[in-house]
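Structure record follows, encoded as structure tokens.
Just so it is clear, none of the values below were taken in a lab; they were calculated from the coordinates. It should be emphasised that the depicted structure is a prediction, and the values quoted were computed from it without experimental measurement. All Cβ positions, even for glycine, are placed from backbone atoms using ideal geometry, and neighbour counts span all protein chains on display.
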Amino acid sequence: MNYIELHEAFLDLSSTLTGYSRFRLLGTGQVDRYLATSIDAVGDEVLAALLATFTDVHGTAGGDEQALDRGLRARILSDDLLGPVARNVIKMWYVGTWYQLPQEWHDLHATRGHDTTHVVSPASYTEGLLWPTIGANPPGAKAQGFGSWAAAPVINAS
């Protein structure tokens, strides 16, 4: 798989796992960093297996959202190799941090040595999907402007 195919497959997987559109994920500017972080942490082979399984599940579902959900749960999220990696990809998109995989995972699937808990990039915190999901701005970043503190915050209850 060349880099463009890898990038596209990772973007498709990420979009499905997070529930955000490819457009929104591209808008964060973090796709390449998150892809590189995933490769550094688990290696080419594990990430390739995750993406190949996702591609197969997605193709088998044929546009049926329930079939896709069942396939993701059965073949990826419950898998002892792929599940922890997929959950880490989700967490990385939401909070901008790669969390070290459990020691049990490492014991079973000896991997490369860059699997440590770390913030992926300076922008990953402010671009995390957590903020639009909860309808807030990241503290200390993306301020609303001068005097915005004078008005009570508005959070849509929908």
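Does the stretch 15-158 classify as rounded, prolate or oblate by the C-alpha gyration tensor (a ≥ b ≥ c root eigenvalues; a/c under 1.5 gives rounded; else a/b over b/c gives prolate, otherwise oblate)?
In terms of gyration-tensor shape, oblate.
Rank-order 24-30, 133-139 by packing density, defined as the average count of other C-beta atoms within 10 Å over each peptide's residues, highest first.
24-30, 133-139
Quickly estimate the mean residue ellipticity at 222 nm for the chain, helices only: each DSSP H run with n ≥ 4 gives -39500 (n - 2.57), and the total goes over all residues, rounded to 500.
When only DSSP H runs of four or more count, the value is -16000 deg cm²/dmol.
Most exposed first by the Cβ proxy, i.e. fewest other Cβ within 10 Å, how do Val42, Val95, Val57, Val119 rank?
Placing the least packed residue first, the sequence is Val119, Val95, Val57, Val42.
Can you put Ser38, Ser78 in order of Cβ neighbours within 10 angstrom, beginning with the fewest?
Starting with the residue having the fewest Cβ neighbours, the order is Ser78, Ser38.
Taking 0.36 nm per residue of sequence separation and subtracting the Cα-Cα distance, how much length would be gained by fully extending the chain between Lys142 and Thr116, in nm to one decimal?
Taking Lys142 through Thr116 to full extension adds about 6.6 nm, to one decimal.
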